[in-house]
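Comments concern the structure below.
The values are calculated or read from the model by the stated rules, or taken from the named source; none is laboratory data. Worth saying up front: this structure is predicted, and the values here are computed from it rather than measured. No Cβ is skipped: glycine too gets one built from the backbone with ideal geometry, and neighbour counts run over all protein chains shown.
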Amino acid sequence: MKLACEGCDAVVEGETADALHSAMMAHGEEGHSNFFEGKSPDEIEEMKKMMDAHVRQMITDQN
């Protein structure tokens, strides 16, 4: 399975939906860490929850 990042040109791969989700979440945290700069721990946690839901929806929509 493959999923394109909406924030850059990266295409993330995973053998299963769960693996793809984990890979995309890791990509987001590593490749787009600038989004977290200056945010409080609570704000970062909320952003990660939103990203988690969005990535899950992207995977669902793709299938």
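Okay, here's what the table says:
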item: Residues satisfying the stated conditions in the range 34-48, i.e. assigned to a helix (DSSP H, G or I), surrounded by 10 or more Cβ atoms within 10 Å (Cβ to Cβ) and over 10 Å from the mean Cα position of the chain (by Cα); result: 35, 36, 43, 44, 45, 46, 47
item: Subset of the range 9-30 (residues that are at pLDDT below 95 and loosely packed, with under 14 Cβ neighbours inside 10 Å); result: 9, 30
